[in-house]
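Below is one structure, written out as structure tokens; the observations come after it.
The values are calculated or read from the model by the stated rules, or taken from the named source; none is laboratory data. Not measured: the values here are computed from a predicted model. Glycine gets a Cβ as well: all are built from the backbone with ideal geometry, and neighbour counts include every protein chain shown.
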């Protein structure tokens with residue numbers, strides 16, 4: 001049964017009060033704090049309907065109501081505005097990120113910033129090599145039979161590999177190889193490079209084919225057989241600020257420490273963290289997964305807000321936060337979106 005506007009207003013008020021106070025919300029408090037323009041008895045009737053429909057629950061017989069995952073989902077879906085960041089918050093984000101010296105620094109600054117601003121667990125995925133383009137390939141002679149291959153992507157990621165050559169090569173030969181690989185591979189997505197690498201052996205003079213074969217092998221390992229994706233994590237201690245009411249699906253485990261232990265253990269697994277970004281395709285529309293909507297079972301007592309980031313309209317990775325279902329969704333969504341935008345601008349400048 002669709003809810004009328006008054007019941008939606010009651011649900012919105014309950015969510016906002018519960019997030020702010022961490023206490024179950026009663027009808028009298030709602031009438032006092034919000035301009036609902038109805039009596040406490042009417043609000044009680046509306047709360048009863050919301051509970052019957054599964055949007056609210058009553059943790060104890062004499063207590064007020066708290067939102068369920070279904071209630072939070074409706075609240076998020078009906079958000080008419082995202083809480084704007086203050087000028088001070090925007091300046092803080094810009095100052096925090098603008099001094100980053102390289103990609104590693106950008107990622108670590110970003111994850112710390114997200115954890116501080118949202119007071120949740122923050123996760124940032126390093127730019128995915130599968131979404132990156134080749135900006136430059138450098139060949140540095142280490143000896144006459146050994147080269148250092150340095151790959152720099154458009155996201156600032158740097159990969160280094162050593163190339164063992166079958167025979168000595170002079171500086172001019174190294175220059176020819178460097179010119180060829182940059183002409184053929186520069187600007188390509190890493191996923192597009194394999195065929196070009198395999199064809200380059202026919203494009204060099206006979207004396208360089210042995211070196212080109214060795215270089216092509218390492219190029220394929222670097223560009224195609226990409227290393228593991230990586231993530232950075234910060235703010236796990238923020239989970240301990242909650243209570244059993246914040247993790248209703250975990251409260252049957254007993255004490256609060258037992259309730260959050262599976263969450264902390266899940267966050268230690270990098271493969272679990274990467275799953276948080278499986279559906280990140282846009283930098284403009286954050287995704288909110290609440291409770292059972294999370295793919296990972298041990299995270300189904302939490303909410304996760306994620307979005308993509310990258311230079312311009314290109315998404316090269318994801319970032320977001322994880323916390324109790326009792327979170328400030330308008331503020332969290334705004335912060336995640338704003339930080340992603342600033343990170344994209346930093347990557348574009350680099």
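Considering the stretch 37-57, the residues that are assigned to a loop (DSSP other than H, G, I, E, B) and more than 12 Å from residue 14 (Cα to Cα) include one that is modelled with the lowest pLDDT, namely 37.
For the stretch 62-98, name all the residues that are farther than 28 Å from residue 302 by Cα, surrounded by 11 or more Cβ atoms within 10 Å (Cβ to Cβ) and more than 21 Å from the chain's Cα centre (by Cα). Matches in the stretch 62-98: 91 only.
The combined condition, being touching a helix residue (DSSP H, G or I) at 6+ places or on another chain (Cβ under 9 Å) and not in a loop (DSSP other than H, G, I, E, B), is not fulfilled by residue 81. The single condition from (1) farther than 30 Å from residue 46 by Cβ; (2) buried (at least 20 other Cβ atoms within 10 Å of the Cβ) that residue 131 fails is (2). Just one of the listed residues (330, 324) is surrounded by fewer than 21 Cβ atoms within 10 Å (Cβ to Cβ) and on the phi < 0 side of the Ramachandran plot, and it is 330. Taken together, the residues in the stretch 17-30 that are surrounded by fewer than 19 Cβ atoms within 10 Å (Cβ to Cβ) and outside any loop (DSSP other than H, G, I, E, B) amount to 4. Looking across 280, 288, one residue alone is modelled with pLDDT of 90 or more, under 13 Å from the mean Cα position of the chain (by Cα), more than 17 Å from residue 115 (Cβ to Cβ) and not in a helix (DSSP H, G or I). It is 288. From the list 149, 233, 189, the lone residue that is at pLDDT 90 or above and not assigned by TED's automatic domain parsing to the domain that holds residue 271 is 149.
Taking the stretch 163-184 on its own, how many of its residues are part of a helix (DSSP H, G or I) and farther than 18 Å from residue 223 by Cβ? Total meeting the criteria: 6.
Among the numbered conditions (1) under 28 Å from residue 233 (Cβ atoms); (2) touching a residue at least 60 places away in the same chain (Cβ under 8 Å); (3) in contact with a helix residue (DSSP H, G or I) (Cβ under 8 Å, 6 or more places away or on another chain), the only one that residue 158 does not meet is (2). Within the stretch 260-277, track down each residue that is within 14 Å of residue 323 (Cβ to Cβ) and either part of a helix (DSSP H, G or I) or at pLDDT below 85 (or both). Within the stretch 260-277, 260, 263, 264, 266, 267 qualify.
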